[in-house]
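The values are calculated or read from the model by the stated rules, or taken from the named source; none is laboratory data. What you see is a predicted model; the values in this text were computed from it and never measured. Don't worry about glycine lacking a Cβ; one is built from the backbone with ideal geometry, like all the others, and counts go over all protein chains shown.
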Amino acid sequence: MSAWLILDLDPVAARRAGLPVRVAVPADSDPARVTPAELVAWAGAFADDEPEHPDAPELRRTAAKQRLRERVERALAERRWEDALGAADDLLAVDPDDAPVRINRAAALRELGEPAAALTELERVGDAFAGVALYHRNRGRVLEDLGDEEGAVAAYREALDAAPGDPAVVDRLRELGALTTVSGPEGPVEVDRAALADLVRRDLAAHGDDHAHLAGAARALLAEGQPDLAATAAGLALALDDADEATRLVLAEALLAAERPGEARSAAERHVEAEPASALGHELLALACAAAGDRPGAVAAARRAVELDPGAARAAAILAG
């Protein structure tokens, strides 16, 4: 009776661990309890015991990689990035398809200021690490380094799918503006901005003929710090009733907060045309002109706002500065 059993591993799990699909374990071991480290150690022992076995060359190569893998990991732990790259390249010379070393190589490249090369390494092994949170978190960091905030947010969301609540990922999403805080029945709740936007758009569409609902949603969204969605709701409300003075002001405020000064200026101009005595309308027009770089227009609108309301602080600040 052979002293060894040959086991077939899941191909994706094997690639993720840098192991061959077929591995050897001692006949008296429990296959359900073996670890990757044991499989590596047994690979060399099996190749020595059964040198003519068809799996011996692949298992011998698996054993040979271990010393190199330890070099890579030690260099990374000691922040010796160039040494880590050299050891990784030595390992890849033995096995160009080793997925874990690609991850390590990407880490070293990122630390050396080469995010594009790091991303290339990560994308080569994305199929093996599709469900691994750390992979997506690292990819998000590299995409941030490359200035691709949209891609980074998508990567971080995949990381959260794999590891819900990961505080490091939540921090990055918050920093990138992908999370927002809304008022819930039990207090403030942090939610995904894209998911919230989708939910709000569905709600607005469902109430497309309800002016009061749309106007109320616009005010609430502006108060919640969702200016783009507030502007959408206000625009829909005004399409039903353009005489709604309060919602015209909400639209201008929302567009300003959303950093859309050209649209904010148009909204404010429409409002002051309809309500020439609106101090707030002139003040918002002044702010929109200032944001658009039109200093004379901003001063003229601010002066009119202060004439109508001496307490118009934002208009006064424009005149003062």
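Only a single criterion out of (1) crowded, with 23+ Cβ neighbours inside 10 Å; (2) in the same structural domain as Glu307 (by TED's automatic domain parsing) is not satisfied by Leu251, namely (2).
To keep it simple, each residue is scored yes or no on (1) in contact with a Pro (Cβ under 8 Å, 6 or more places away or on another chain); (2) touching a residue at least 40 places away in the same chain (Cβ under 8 Å).
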residue: Asp55; (1), (2): yes, yes
residue: Glu58; (1), (2): yes, no
residue: Glu111; (1), (2): no, no
residue: Glu114; (1), (2): no, no
residue: Glu121; (1), (2): no, no
residue: Leu134; (1), (2): no, no
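Determine, yes or no, whether Pro296 is within 42 Å of the chain's Cα centre (by Cα) and either closer than 20 Å to Val250 by Cβ or assigned to a helix (DSSP H, G or I) (or both). Here the answer is yes, as Pro296 does meet what is asked. For segment 114-132, the set of residues classified as assigned to a loop (DSSP other than H, G, I, E, B) and of a type outside the set (D, E, K, R) consists of Val125, Gly126, Ala128, Phe129, Ala130, Gly131, Val132, listed by residue number. Scanning segment 22-71 for residues being assigned to a helix (DSSP H, G or I) and among the hydroxyl-bearing types (Ser, Thr, Tyr) gives a total of 1. For Ala106, state whether it is out of contact with any Gly (no Cβ under 7 Å at 6 or more places or on another chain), assigned by TED's automatic domain parsing to the domain that holds Pro57 and among the hydrophobic types (A, V, I, L, M, F, W, C). So Ala106 does not fit the description; no.
Scanning segment 18-57 for residues that are crowded, with 17+ Cβ neighbours inside 10 Å and either in contact with a Gly (Cβ under 8 Å, 6 or more places away or on another chain) or under 27 Å from Asp127 (Cβ atoms) (or both) turns up Gly18, Leu19, Pro20, Val23, Ala24, Val25, Leu39, Val40, Trp42, Ala43, Asp55.
What about Ala237, is it crowded, with 21+ Cβ neighbours inside 10 Å and either more than 25 Å from Asp161 (Cα to Cα) or modelled with pLDDT under 85 (or both)? Full working, then the answer.
Values: crowded, with 21+ Cβ neighbours inside 10 Å: yes; either more than 25 Å from Asp161 (Cα to Cα) or modelled with pLDDT under 85 (or both): yes.
Considered against the rule, which asks whether it is crowded, with 21+ Cβ neighbours inside 10 Å and either more than 25 Å from Asp161 (Cα to Cα) or modelled with pLDDT under 85 (or both), Ala237 comes out as yes.
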